[in-house]
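Peer 1: Can you read through this structure? Questions will come right after.
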Amino acid sequence: ELTDSLPSEAVASGWLGSSGATEEQITVAEMRLGASLPPSYREFLKASDGWLRTGQFIYRIWGVEDIQWFNFRNQGFLNMLAKADKYLGKMEVNDKDYLTYGSEQNPGYFRPEYMRSCLEISDWGDSAIYLLNPTIVTSDGEWEAWFYASWLPGAERYRSFYELMQGQYREYWELRHDREGTDPDP
């Protein structure tokens, strides 16, 4: 059961989040990172400065003090990806295939070179992590968001942090429905 791994206070309160970050805390994080955070992620941080368990695979979304560029904590992983590209050959993905989102998306149409510039916003849960990709930005300032897992053939990509969270919510209920026969639309 999902609640077995949660702190008793979170279960009792029914809230998996933290108190919201202040505008000052978010601004300090942006200054440390050297980038303005995308709108939907900023709004999330204002509502909750971090979050526990967003489903089966991610155990914690970082608060503003813990977010960091992916290459800062994961240089060994990035070196391994570079070696794989060298030995296996780099797969070229055209924009039409890469920028397809939703159910038509193929997670294998993935550009691992973007990982170097991604922002890590969660822990490595069950060999999975949430990343924000500032290389792909929408006209309203949203960064592409990824659910990356070592057991996927790439990354599930979303147009924004908001869409990532909506997608993860749907997948959680679909997995639960498949496992328990519960209603997938609560």
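The values are calculated or read from the model by the stated rules, or taken from the named source; none is laboratory data. In this text, all values refer to a predicted model and were calculated from it rather than measured experimentally. Note: ideal-geometry Cβ built from the backbone for every residue, glycine included; neighbour counts use all protein chains shown. We work out accessible area using only protein heavy atoms, side chains counted, and drop any ligands, DNA or RNA first. Shrake-Rupley method; radii C 1.70, N 1.55, O 1.52, S 1.80 Å.
Peer 1: Could you tell me which of rounded, prolate or oblate describes the stretch 69-174, using a ≥ b ≥ c as the square roots of the eigenvalues of the alpha-carbon gyration tensor, with rounded for a/c under 1.5 and, failing that, prolate when a/b is larger than b/c and oblate otherwise?
Peer 2: rounded
Peer 1: HN-Hα J couplings of the stretch 35-47 from phi, Karplus 6.51/-1.76/1.60, θ = phi - 60°, integer Hz, Gly and Pro as x?
Peer 2: In residue order, the calculated couplings are 7, 7, 6, x, x, 5, 6, 4, 5, 4, 4, 5, 7 Hz.
Peer 1: Accessible area, 1.4 Å probe, largest first: how do M115, M165, M80 sort? Before the final figure, lay out each step's value.
Peer 2: Values: M115 0, M165 40, M80 110 Å².
Putting M115, M165, M80 in descending order of accessible area: M80, M165, M115.
Peer 1: Tally Lys/Arg at +1 and Asp/Glu at -1 over every other residue whose Cβ is under 13 Å from the Cβ of I67; what's the total?
Peer 2: Working: positive: R32, R42, R60, R73; negative: E30, D49, E65, D66, E120, D123.
Computed value for this residue: -2.
Peer 1: Can you give the local net charge around E23? Use residues other than it whose beta-carbon is closer than 10 angstrom to its beta-carbon, Lys and Arg +1, Asp and Glu -1.
Peer 2: Values: positive: R42, K46; negative: E24.
Around E23, the surrounding residues sum to +1.
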